[in-house]
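S.K.: Attaching a single structure in structure tokens format; questions to follow.
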Amino acid sequence: MLAEIHTSFPERFAERRELSALAANGTRRELQLEEHWFHKGGVVLKFKGVESISDAELLAGMELQVPQEQRVELEAGAAYVSDLVGCEVWNRGALVGLVADVQFGAGEAPLLVVKGKQEYLVPYAEAFLKATDFERRRIEMELPEGLLDVQSPLSSEEKQRQKLEADEARAAGERRKGHE
């Protein structure tokens, strides 16, 4: 099966043989890695007992994990996804919500999917981190002013204002076309 790489240590596939696959519903499956090779920015993994495409499809969408005691020590500011999920995110002393997931690929910093009053995408960037306490399941941040507001749904007044502005711009464009 071809997997996305979300590790800073892909060379460790050579020494890791025991992996755990975590499904979205929380069920876990233990896997034994037989071989691997890198391909098109990902890694192809061959597991013992997974002999067909239909066997491999059963693993689609699962997160592969290594036992906690085998984790590599990370540099300051870095974290494992499993450390982040379930943490409270605080911004300037106010609770934003809980980390439900982590998304990769939208830029240099992974995005924390934070569920509070609504769902927010918060960059997990060192520049915004004030403190992390994974034992207490807490992340303290100092996000740029307005970052969370940008993701807020529009009020009915804001929607009405935007509609009026769009109607006026459309009418002005039509007037210009009529004078050409």
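S.K.: Pop a pseudo-label 7 angstrom from the Cα along the beta-carbon direction at both GLN70 and GLU168 and give the gap in nm to one decimal.
M.R.: 6.3
S.K.: With every protein chain left in place, what is the accessible area of PHE13 in Å² (1.4 Å probe, nearest 10)?
M.R.: 40
S.K.: Give me the percent of the accessible area of the chain that comes from carbon and sulfur atoms, probe 1.4 Å, all protein chains in place.
M.R.: The computed percentage sits at 50.
S.K.: Between the stretch 31-47 and the stretch 49-63, what is the separation of their alpha carbon centroids in Å?
M.R.: Centre-to-centre (Cα) distance: 12 Å.
S.K.: Within the chain, how many lysine pairs that are 8 or more places apart, or on different chains, have C-alpha atoms less than 25 Å apart?
M.R.: Lysine pair count for the chain: 6.
S.K.: Read phi for every residue in the stretch 90-100 and hand back ³J(HN,Hα) as whole Hz from Karplus 6.51 cos²θ - 1.76 cosθ + 1.60, θ = phi - 60°, with x for Gly and Pro.
M.R.: 10, 10, 6, x, 10, 5, 8, x, 9, 6, 9
S.K.: Here's a follow-up. With a cut-off of 8 Å between alpha carbons and a minimum separation of six or more residues, what is the relative contact order of the stretch 58-174 in percent?
M.R.: Relative contact order for the stretch 58-174 comes out at 18 percent.
S.K.: Return one whole number: the accessible area per residue of the chain in Å², for a 1.4 Å probe.
M.R.: 69
S.K.: Accessible area, 1.4 Å probe, largest first: how do TRP37, TRP90 sort?
M.R.: Largest to smallest exposure gives the sequence TRP37, TRP90.
S.K.: So, one more: Please tell me the relative contact order of the stretch 10-99 in percent, rounded to the nearest whole number, where contacts are Cα pairs under 8 Å and at least six residues apart.
M.R.: Result for the stretch 10-99 is 21 percent.
S.K.: Using 0.36 nm per residue of separation minus the Cα-Cα distance, give me the extension gain between LYS48 and LYS117 in nm, one decimal.
M.R.: 20.4 nm
S.K.: Could you compute how fast the chain diffuses translationally, taking Rh as the Kirkwood radius over C-alpha pairs and applying Stokes-Einstein at 4 °C with viscosity 1.567 mPa s? Give it in µm² per second.
M.R.: D, rounded to a whole number, is 65 µm²/s.
S.K.: What is the angle, in °, between the Cα long axis of helix 156-179 and the longest principal axis of the Cα atoms in the chain? Nearest 10 is fine, range 0 to 90.
M.R.: 60
The values are calculated or read from the model by the stated rules, or taken from the named source; none is laboratory data. All values derive from a computational prediction rather than experimental measurement. Here Cβ is always computed from backbone atoms with ideal geometry, including for glycine, and neighbour counts include all displayed protein chains. These area figures cover heavy atoms from the full protein model, side chains too; ligands, DNA and RNA do not enter into them. Shrake-Rupley method; radii C 1.70, N 1.55, O 1.52, S 1.80 Å.
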